[in-house]
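**Q** Below is one structure. I have some questions about it.
The values are calculated or read from the model by the stated rules, or taken from the named source; none is laboratory data. Note that the coordinates shown come from a computational prediction; the quantities given were computed from them, not determined experimentally. As a convention, Cβ positions derive from the backbone with ideal geometry for all residues, glycine included, and neighbour counts pool all protein chains shown. For accessibility, only protein heavy atoms count, side chains too; no ligands or nucleic acids. Shrake-Rupley method; radii C 1.70, N 1.55, O 1.52, S 1.80 Å.
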Amino acid sequence: MEPISKTQDIKLNIKPVIFGLIHEYVFEGPCRFGRGDELTSDFDEARTAQIAAGWDEALRAELGSLDFVNVMAPYVSKRDETFPLTDDLIADLCADKEEVDLYAVTYYPFGIDFALQLALATKKPVAVMLTGSATGTATVATLRAHGCECLGWVSWDEARDDVRALLARKVMENLRILALVRHNSTTSISAPDSFIDHGAVTDKMGIRFTYLNMHEFLDQTRENDPTANPTLPGRREGNITAEEAREIQEMTDELVQGALEADMPAENVYKSLRAHYLTRKLLAATGCNGFTAPCPDMCATRRLNQEQFTMCLNHSLNNEEGICSACEYDVSALVSMQLLSALSRTAPYMGNTMIIKYDSDSPVSAPKSLAKHEEAFAAFTRAIEGRGGIVCTYHSTPNRKMRGIAGEATDYALRPFAMDGRWGATIRHDFAQDAGQVVTVARFDPTCRKLFVARGTIVSGAGYHDENCSEGVYYAVNDIAAFNQGSITTGNHQALVYGDVFDAAVRYGELAGFEVLTCA
Amino acid sequence: MEFAERLRDNLRRADDLVPPMREQADSLEAFTNLLIRYIRLRYLIDDTSFWTDDLRELSRFSMEHQRAAAGNGEGTLQDTSLNCAGATSAETKQILLLMKLRKDLGITLSPDYLGTARSVKDVAQKAFSQLSSETA
């Protein structure tokens, strides 16, 4: 199988730039003063080198320690006091602009004129540290006045949030979504609150789409002659081969054996994995790295009933492998998952999201299926007793890498989606065991103009012991009215990740030109 | 002893160490010991037991030690000089120390090195090897 170009592998390239000044002559004046050796060009050169080394060292220590950051070799400018600004100098400064994502600039002591040319010529963001630097302040004001993107940092914490946000913006530009369609390529029956114009999404974020007819997909899940698919007669397609079937069987054995409970026939797990395997093949073949497929629209064809799988396990496994994958052809949810996953470096989750307890004395509006498992329901009841601001996000597509894609897989059970037929494998994760975990929640609105970001803390979970889509996480938010406003503005399926990337997500929204609604 | 008087005395005693460093140090170890005394005197830290091989640390400590000795209560302020270069006194101090050493010994140290040198031992090694090759 061809490799998939995963967004988790994308790095943010930061170029340190130091604008130095080497006076040719010894003199004093209104902007130069000192004693003895301090007025020599050697001192200026030494001081420029000192600043360059300090800036490079700080960037590597404070930002280079992030696994997605690559601090490039620094550029050190040594202009004299005639302040030349020739085309050759600018070209030299911008030589590797294609690789650079962010220029991190500092000075000894002048050079905003040069920084402006850098920003204008490359159209890349420029960042400066503001603390103790009047030149930094002037840089931001100058570059922004010329329409350039310039970030001013007052702390390294703020810088790290910005760097995460810039990474997310780069990730979005490289997100290529493979979208299975039935009736049309914009909305599905169950997610009309997804983006209403994919062209606007491409224009704003650089995300591109490849659409594939779901019947063509379903035909290829069969281990048939690849030239004899009913939807594509005579074309050689990517049907599962005998060799691939053996590999899928090995994957099935491993998944079933690794589960704490596997409450469905292994041959039906195999069928779900076959759909996942085909998805991976098609992602590689189309150069895509994100996936979504409709749910009720596919369901209504009865072909899933015929083939005996759902897309749930496929979504779970894609997500934990670093390929964001959303239910119900909800592209807004998918892009929101990608945003949060890029920021948190964890595998995302998404689902129906609803307020289940508004105030501490409100009635609980939890799905009825929650009460099926007596012990879990009792624990849930205790967890939310006397509390308000409780929200749940609910789908049977959690995964085993929500604590980190590079980390250990968490415990899981396998249960079916189809209760009668015992097919449609789903990962069951016991969210209740994660009580106290901070989560970040987000969703883009249907017009692709607004972004909602919320912070919550897990209080309980449900559905580990259950089947079907009755699995979810319950979390408390600090401002339920703000959460409500954010939800109704953006839509149902909220994306969710473990970890607090609230600030970075808000920053992404600002940098990418979204109106940001928050629930901190 | 008044501060100004002590400063003059230290600088004179540091200057006195230059001929032995140039002409009499017959080993890197002996040279390094002289260089350490030279730095302690020029940095006015000869009245403490503090020592580290890290030039930046030494420069910072020298500034703090002098400020504490002066007792003006500015110890908690970040020392950023108000000239356009934005250099702290400690940063300037390191460059000026190495420029003075370069002049005193007649050795070659590049401007880049003056600004980025980290280790006294490394400076000693560079200086001693140049002086040794001159006398060989």
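**Q** Filter the strands (runs of 3 or more DSSP E) completely within region A:423-519 down to those with at least 3 residues that are surrounded by fewer than 24 Cβ atoms within 10 Å (Cβ to Cβ) and in contact (Cβ under 8 Å) with a residue 40 or more places away in the chain.
**A** Here the list reads A:515-519.
**Q** Can I ask one more? Given the condition part of a helix (DSSP H, G or I) and surrounded by fewer than 16 Cβ atoms within 10 Å (Cβ to Cβ), answer yes or no: does some residue in region A:185-197 qualify?
**A** The answer is no, given that none of the residues of region A:185-197 is part of a helix (DSSP H, G or I) and surrounded by fewer than 16 Cβ atoms within 10 Å (Cβ to Cβ).
**Q** Just give me the residues in region A:498-520 being under 11 Å from A:A454 (Cα atoms) and aliphatic (A, V, I, L, M), in sequence order.
**A** Matches in region A:498-520: A:V501, A:A505, A:V506, A:V516, A:L517, A:A520.
**Q** Sticking with this one: Go through region A:14-39 and give me each residue that's within 8 Å of another protein chain (Cβ to nearest Cβ) and surrounded by 16 or more Cβ atoms within 10 Å (Cβ to Cβ).
**A** A:R32, A:G34, A:D37, A:E38
**Q** Considering each residue of region A:82-110, count those that are at pLDDT below 95, open to solvent by less than 50 Å² (accessible area, probe 1.4 Å) and part of a loop (DSSP other than H, G, I, E, B), and give that number.
**A** Here the count works out to 2.
**Q** Got at least one residue in region A:317-330 being β-branched (V, I, T), out of contact with any Ser or Thr (no Cβ under 9 Å at 6 or more places or on another chain) and in contact (Cβ under 8 Å) with a residue 12 or more places away in the chain?
**A** Our first condition is that a residue be β-branched (V, I, T); within region A:317-330, this holds for A:323.
Subsequent filtering for residues that are out of contact with any Ser or Thr (no Cβ under 9 Å at 6 or more places or on another chain) retains none.
No, there is no match, as no residue in region A:317-330 is β-branched (V, I, T), out of contact with any Ser or Thr (no Cβ under 9 Å at 6 or more places or on another chain) and in contact (Cβ under 8 Å) with a residue 12 or more places away in the chain.
**Q** Would you confirm, using the coordinates I've provided, whether A:S325 is assigned to a strand (DSSP E or B), within 25 Å of A:L304 (Cα to Cα) and hydroxyl-bearing (S, T, Y)?
**A** On the way: assigned to a strand (DSSP E or B): yes; within 25 Å of A:L304 (Cα to Cα): yes; hydroxyl-bearing (S, T, Y): yes.
Spelling it out, A:S325 is indeed assigned to a strand (DSSP E or B), within 25 Å of A:L304 (Cα to Cα) and hydroxyl-bearing (S, T, Y).
**Q** Being at pLDDT below 95, of a type in the set (D, E, K, R) and open to solvent by less than 50 Å² (accessible area, probe 1.4 Å) narrows it down to one of B:D104, B:D79, so name that one.
**A** The match here is B:D79.
**Q** Tell me which residues, restricted to region A:399-419, are open to solvent by 30 Å² or more (accessible area, probe 1.4 Å) and under 18 Å from A:G322 (Cβ atoms).
**A** A:R400, A:K401, A:R403, A:I405, A:A406, A:G407, A:E408, A:A409, A:T410, listed by residue number.
**Q** Could you check A:Q249 against (1) open to solvent by 20 Å² or more (accessible area, probe 1.4 Å); (2) under 30 Å from A:W55 (Cα atoms) and say which number it fails?
**A** (2)
**Q** If you check A:R422, A:R382, A:R387, A:R400, which single one turns out to be among the charged types (D, E, K, R) and closer than 24 Å to A:R345 by Cα?
**A** Working: A:R422 fails: closer than 24 Å to A:R345 by Cα; A:R382 fails: closer than 24 Å to A:R345 by Cα; A:R387 fails: closer than 24 Å to A:R345 by Cα.
Only one candidate passes the filter, namely A:R400.
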